[in-house]
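First the structure, then my questions, so here it is.
The values are calculated or read from the model by the stated rules, or taken from the named source; none is laboratory data. Model, not experiment: these values are computed from the prediction. Backbone-built Cβ (ideal geometry, glycine too); neighbour counts: all protein chains shown. Just the protein is used for accessible areas: all its heavy atoms, side chains included, with ligands, DNA and RNA removed. Shrake-Rupley method; radii C 1.70, N 1.55, O 1.52, S 1.80 Å.
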Amino acid sequence: MTAADATLRASLQHATAVACTHCGLPVPAGLIDPDAQDQFCCGGCRTAFAVIHDHGLDTHHDTTVGRDGPVAAESGARGFEEFDHATFHELYVRRTPDGFAQVDLYLEGVHCGACVWLVERVPLVVPGVARAELNVRRSLARVAWDDAAVSLSHVARTLDSLGYRPHPFRGFAVDGMRRREDRAMLVRIGVAGAIAANVMLAALALYSGQFGGMDVRYERFFRWVSLLVTTPALFGPGRVFFAGAWASLKTRSLHVDVPIAIALAVGWAQGLANTITDSGPIYFDGLATLIFALLAGRFLQQRGQRAATDSAELLYSLSPLTARVVEGETARELPAQALLPGMVLEVRAGESFAADGTVTSGRSSVDVALLTGESRPVSVGVDDRVYAGTTNVSSPLRVRVEAAGEQSRLASLLRQVEDSVRRRAPVVQLANRLAVWFVAVVLLLAAGTALFWYPTNPAAAIDNAIAVLVVTCPCALALATPLAVSVAIGRAARAGILIKGGDALERLAAPGSLLLDKTGTITESRVALAAWDGPEWVRPLVLALEQESSHPVAAGFRRAFDGITAGDACLTTHVAGGGIEGLVDGRRVIVGSPVFVRMRAASGPELRDPPRHLTPVLVAVDGVIVASAGFGDPVRADARRAIDTLRERGWMVGILSGDHPEVVASVGETLGVSRDACIGGATPEQKLRVVRQAGRGGTVVMVGDGVNDAAAMAAASVGVGVHGGAEACLSTADVYLARPGLEPLVTLTEGAARTVRVIRRNIAFSLAYNVIGATLAVTGVITPLIAAVLMPASSLTVVLASWLSRTFPSERAS
């Protein structure tokens, strides 16, 4: 082993032995400071550690952070005193126009629309809280309060007491919290499943003994085994239902956790009494199975509702992380977050702009499709505005920064996305809407049954009341929607359609307005040669000249002339916003815009002008114009068929694009869409206004692929991102079509309608089952034992009905 190898090995061993003081992860060898007491794996941990200690937050926090995220010091009930610290308020709290303090908090334990009821009742139980709004899909609560009347720590303790532990929203840290929460839920499901399987074995022995006879000692043994095995499931994994019921009662509202908790408690108490007295049925097998089934259904529902990323992550993914800042005659790399107004940036061809600004030198073409949807690059020169996230196509530019980071147009657009998501009314599924009335009726029915039977037969009164609670336990009703949605979402994913939640399926089931972006949605989002008028001998010359160019028109020529043998070009010159010229086989060739070419060559044979919606390009050879070409964004092959099918199903289809109005109208004419339904030249802000206006008349679906569509998609009833779309657009979308074309959009609307029919069928069955079961229990026809057998049977029926339903095609997307 060489000395260098030994040194490297020693460094690696030392690195693996050194843990980050803040997060506990290994510190890379290059970041280890032998003279420092505290070691950090990155600059972020160093900064966070310094902020916490410099401001005294370490008295409230254990600053050790586990692999899955920050771990607060545990000492029983949390006091949340750090929420009142001045540094916490500086980092996370802001003022509203009406004078209240406002904070965004990530809440653990949010799993369905019913949680909205609890969180948004906080102003009723905490004086001084003005409002609490919960985005259930992102587990994000926005709380506004009078900080002179109540402290934020008190609000946090109230949320924690309801079962929703709050955390300040830190963007990236949320993923770690969610992973930790998911693991805890999976552990609960695993424990409940193992317990249910073992209790069923004991129940099988008891049921067999009823028919074949069993010694009293063995019967007593299996009854006690069932009790001892079921009890940990009730007070371990099943504890979440009691916590939910208690939170519901504290906020004076009812949801499905209340009868579930009562049924579990009463069933376990009666089973315990019957086990001790060696008389009557026990219900432990039904209770254990119920806990497992409900936890599994709740986990599937929770996973399906989460959004992908927050706006801060989107900002970092769409604009460059670094920028080249010019200082005198030199340039140096700086983080994009450190850019300030007045700095001058150098942006080379092919790079994205890190900030909004004004061009100070150079001419180039800029691809602005990210923000505007314009399919053709825009020429820019001195004093022209450029925006963060857009791409410099052809030549180097120098740009003076005017707005960076959160002040850029891109960040503003992403904040509009966030605001639109918040303004959406929380989706309460049909099962949750029925749950309030269902819970009240079940509780009254059980109490009425006990009062009816008690004067004549006290023992039957208790058994019949328990039978009512057990047989009408809303497990089938609670599983009806999430199971049908989960099966449909899984099958849709195999067909190349990724759906984030059942609310999107519910909205897509009924036809409404459907607005399509043009570039990348209806069209293929690439420059293609759509018209050519000229002799064949010109093509190899054009191909040779365009061979090394990075311009989109050059790429279009190369695709169109693929397979043609071309020579070599020399002495080539690129003119930003004009074209390219050079020598090919001794002949001078010029390719570019009509103005550029006509200034350098004389007219030749008469040529056809390309259609208005195409970008015109002329070709001159040896000083004479010999050919013309038209470039455009080709319409997808399946677009006309898909749009016709959607119209037949009742959808009102329109086009909403940032591209030139004439181009949009021409594409609409090709697809049979009326000119009135084609809106072109729309900025992201105008798209947002159009969608909001259309949404007043009912369901509106926005289909797009760019950041310029993201705010409109968030404001729509359903946002659909198409194959190849920008990340911000896709994280905002409720649905993502992983296959190219518009045919998957037809499959989506048809599958959504079938899924809603399955949900309604499941709910109808569960309600019919509960009505029949309750009738038999009230009249004493069925015992608690039979009720315990029927209860999981009803859930199994709903599971099978959901699994066997044909909501989406079963083929896997290619």
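What spacing in nm lies between the two simple spin-label points modelled at ASP146 and ARG559, each 7 Å away from Cα in the Cβ direction?
Once both label points are built, they end up 6.2 nm from each other.
Now for a separate question. Go through segment 747-756 residue by residue and turn each phi into a ³J(HN,Hα) via Karplus (6.51, -1.76, 1.60, θ = phi - 60°); whole Hz please, and just put x for glycine and proline.
Working through the residues one at a time gives 4, 4, 5, 5, x, 5, 4, 5, 5, 5 Hz.
Ignoring ligands, DNA and RNA, what percent of the accessible area of segment 489-616 is carbon or sulfur (1.4 Å)?
Numbers: 3050 of 5940 Å².
Roughly 51 percent of what the probe reaches on segment 489-616 is carbon or sulfur.
Still on this structure, I have one more. Could you please state, rounded to a whole Å, how far the C-alpha centre of segment 560-608 is from the C-alpha centre of segment 747-789?
One Cα centre to the other: 73 Å.
Also: Once you place label points 7 Å from the Cα toward the Cβ at ARG739 and GLU329, how far apart are they in nm?
Roughly 6.1 nm, to one decimal.
What Kirkwood hydrodynamic radius, in Å, does segment 533-574 give when the mean of 1/r is taken over all pairs of distinct Cα atoms and then inverted? Please list the in-between numbers first.
Working: mean 1/r = 0.0946 Å⁻¹.
Result for segment 533-574, one decimal place: 10.6 Å.
Under a 5 Å amide H to amide H cut-off, with H placed in plane at 1.01 Å, what residues pair with ARG131 once short-range neighbours are removed?
Answer set, sorted by chain and number: ALA144.
Highest first, please rank the peptides 762-771, 484-493 by the mean number of other Cβ atoms sitting within 10 Å of their residues. Kindly include the intermediate steps, with their values, before the conclusion.
On the way: 762-771: 17.9, 484-493: 22.6.
Result, highest mean first: 484-493, 762-771.
For segment 709-717, just list the computed ³J(HN,Hα) in residue order, Karplus coefficients 6.51, -1.76 and 1.60, θ = phi - 60°, integers in Hz, with x standing in for Gly and Pro.
Calculated HN-Hα couplings, in order: 9, 4, 5, 5, 5, 5, 7, 6, 4 Hz.
Ranked from highest to lowest mean number of other Cβ atoms within 10 Å per residue, what is the order of the peptides 545-553, 354-362, 502-510? Kindly include the intermediate steps, with their values, before the conclusion.
Values: 545-553: 19.1, 354-362: 20.9, 502-510: 22.6.
Packing order, densest peptide first, comes out as 502-510, 354-362, 545-553.
Among the trypsin sites (Lys or Arg not before Pro) in segment 554-644, which ones are in a DSSP loop with at most 13 other Cβ atoms within 10 Å of the Cβ? Mind listing them?
Working: sites: ARG558, ARG559, ARG587, ARG588, ARG598, ARG600, ARG608, ARG612, ARG636, ARG640, ARG641; in loops: ARG600, ARG608, ARG612, ARG636.
Qualifying residues, ordered by number: ARG608, ARG612.
List the residues whose amide H sits under 5 Å from the amide H of VAL18, counting only those 5 or more places along or on another chain, with H placed 1.01 Å from N in the peptide plane.
Close amide H contacts, sequence-distant or interchain: VAL27.
If you don't mind, there's one more thing I want to ask. Give the span of segment 257-300's Cα atoms along each principal axis, as three whole-Å numbers ordered largest to smallest.
For segment 257-300, the Cα spread along each principal axis is 40, 19, 10 Å.
Next question. Amide H neighbours of ILE782 under 5 Å, counting only residues 5+ apart in sequence or on other chains, H built in-plane at 1.01 Å?
Placed amide hydrogens put ALA777 under 5 Å from ILE782.
Next question, about the same structure. Which of LEU688, PRO661, GLY632 sits closest to the plus end of the dipole of segment 582-715, meaning its Cα is farthest towards the positive end, when Lys and Arg get +1 and Asp and Glu get -1 on the C-beta?
LEU688
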